[in-house]
Amino acid sequence: MSASEKAKAKAEQAAGKVKEEAGRTVGNESAAVEGSAKKSKGNLRDAKEKIKDAFKD
């Protein structure tokens, strides 16, 4: 997995989690859903990179 792609995935996961929790804390369901979606996008990016690594060998 390239270091830059891995870093992007982790940053996206973290930002999504923060936005999701902040939205829930203040009662903003829209922000919570957006945060959850961003976290999921980061998870998918991470999975994609792991699959690419598995097929390199």
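The values are calculated or read from the model by the stated rules, or taken from the named source; none is laboratory data. Note that this is a predicted model, so its numbers are computed, not measured. Glycine also receives a Cβ, built like all others from the backbone with ideal geometry; neighbour counts cover every protein chain displayed. Ligands, DNA and RNA are stripped out before the accessible areas are found, and what is left, the full protein with its side chains, is counted by its heavy atoms. Shrake-Rupley method; radii C 1.70, N 1.55, O 1.52, S 1.80 Å.
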Inset, instruction - Take every Cα pair under 8 Å in the chain that's 6+ residues apart, average their separations, divide by the length, and report that relative contact order as a whole percent. - result: 42
Inset, instruction - Quote the Stokes-Einstein diffusion coefficient, in whole µm² s⁻¹, for the chain, based on the Kirkwood radius over alpha carbon pairs, a temperature of 10 °C and a viscosity of 1.306 mPa s. - result: 136
Legend entry - Pairwise label distance in nanometres, THR25 with SER2, each label 7 Å out on the Cα-Cβ vector: 3.4
Inset, instruction - Note the angle between two axes, namely the Cα long axis of helix 29-56 and the longest principal axis of the Cα atoms of the chain, as a number of degrees from 0 to 90, rounded to the nearest 10. - result: 10
Inset, instruction - Tell me what the chain gives for mean residue ellipticity at 222 nm when only DSSP H runs of n ≥ 4 count, each as -39,500 (n - 2.57), the sum divided by the residue total, rounded to 500 deg cm²/dmol. - result: -32500 deg cm²/dmol
Legend entry - 0 to 90° range, to nearest 10: angle between helix 3-26 axis and the chain longest Cα axis: 10
Legend entry - Positive-end residue, the chain charge dipole about Cα centroid, Cβ charges, pick of GLY27, ASN43, SER4: SER4
Legend entry - Student exercise, the chain dipole from Lys, Arg, Asp, Glu Cβ charges, in Debye to nearest 20: 120
Inset, instruction - Leaving ligands, DNA and RNA out of it, report the carbon-plus-sulfur percent of the accessible area of the chain at a 1.4 Å probe. - result: 58
